[in-house]
Amino acid sequence: MILLQVSRNAIDAALDRCKISLFIVSSENKSYFCASNTIAMPFLELFLIAVGLSMDAFSVSVCKGLTTKRFSWRMALVCGLWFGFFQVLMPIIGYFLGAQFQEMIEAYDHWIAFGLLSLIGANMIREAIWGDKDSDSPGNDSLSFKTMFLLAIATSIDALAVGVSFACIQVQLWSSVVVIGLTTFLFSVLGVKIGNVFGTKYEKSASILGGIILILIGLKILLEHLGIIGF
């Protein structure tokens, strides 16, 4: 996705502009990356990162909206709060984990996101075709803890790696994650509304489409991290 690529380019640009001198301190065969100076990330670059990170949550919110016959502010706000909160939480975790965990995070995050979104998407398609709809299934309009937790994790894993990058360039963490969280919240609320408009008209077909979209989002994340595709 173009916006996601822009966000990654924004991080790279910030690293170059800050001219951070990175050095490695070896201790017990481990490497720790530290920044020798600090600088705040320009707001425009931070906003582009926030928009890029919110795109997966936006797409999933559209899918949730597809499953509803009538727009619900409750669903929109719950989706916004869940996805926005995890987009705040994940960079914080990544920031304090530090760069020593960067390779480990990057090795597995895309597989986790792909697995979760593919599972949820396949179940959503199954329910739409065969009508076997479990009230607690992630593929329907459920707002249960299990449903929203799985979706929030799957759509925010990229933010974990962004948090590691924030630690390297020593950005102002708290103001940055607030911008990311609020942006994701707004896009998620909008996504539910947009999905509902199409879901009301097409119902079953919209649910199948929503499942396919979830699988494609997971596949996109996987192929991008494996370097097979780039947007």
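The values are calculated or read from the model by the stated rules, or taken from the named source; none is laboratory data. In this text the structure is predicted, and so the values were computed from the model without any measurement. Reconstructed Cβ throughout: ideal geometry from the backbone, glycine too, with neighbour counts over all protein chains shown.
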Checklist entry - From the residues in the stretch 63-79 that are more than 14 Å from residue 152 (Cβ to Cβ) and charged (D, E, K, R), which one is modelled with the highest pLDDT? => result 74
Item to check | Conditions (1) surrounded by fewer than 24 Cβ atoms within 10 Å (Cβ to Cβ); (2) of a type outside the set (Asp, Glu); (3) closer than 30 Å to residue 69 by Cα; (4) modelled with pLDDT of 90 or more: number failed by residue 178 | outcome: (3)
Next on the checklist: Can you confirm whether residue 190 is touching a residue at least 60 places away in the same chain (Cβ under 8 Å) and of a type outside the set (D, E, K, R)?
Outcome noted: yes
Checklist outcome for this item: Taking the stretch 80-112 and keeping only residues that are at pLDDT below 95, over 11 Å from the mean Cα position of the chain (by Cα), within 17 Å of residue 175 (Cβ to Cβ) and among the aliphatic types (A, V, I, L, M), one is left with 92
Checklist entry - How about the stretch 143-172: which of its residues are under 12 Å from the mean Cα position of the chain (by Cα) and surrounded by 19 or more Cβ atoms within 10 Å (Cβ to Cβ)? => result 151, 152, 154, 155, 156, 157, 158, 159, 160, 161, 162
Checklist entry - So is residue 137 at pLDDT below 75 and among the hydroxyl-bearing types (Ser, Thr, Tyr) or not? => result yes
Item to check | Qualifying residues in the stretch 203-223 (those that are in contact with a Leu (Cβ under 8 Å, 6 or more places away or on another chain) and not small (Gly, Ala, Ser)) - the one modelled with the lowest pLDDT | outcome: 209
Checklist entry - From 90, 75, which residue is closer than 19 Å to residue 198 by Cα and not charged (D, E, K, R)? => result 75
Next on the checklist: Take the conditions touching a Gly at 6+ places or on another chain (Cβ under 9 Å), modelled with pLDDT under 65, surrounded by fewer than 22 Cβ atoms within 10 Å (Cβ to Cβ) and not in a loop (DSSP other than H, G, I, E, B) and apply them to residue 15. Does it pass?
Outcome noted: no
Checklist outcome for this item: Selection over the stretch 41-83 where residues are of a type in the set (Val, Ile, Thr) and not in a helix (DSSP H, G or I) yields a count of 2
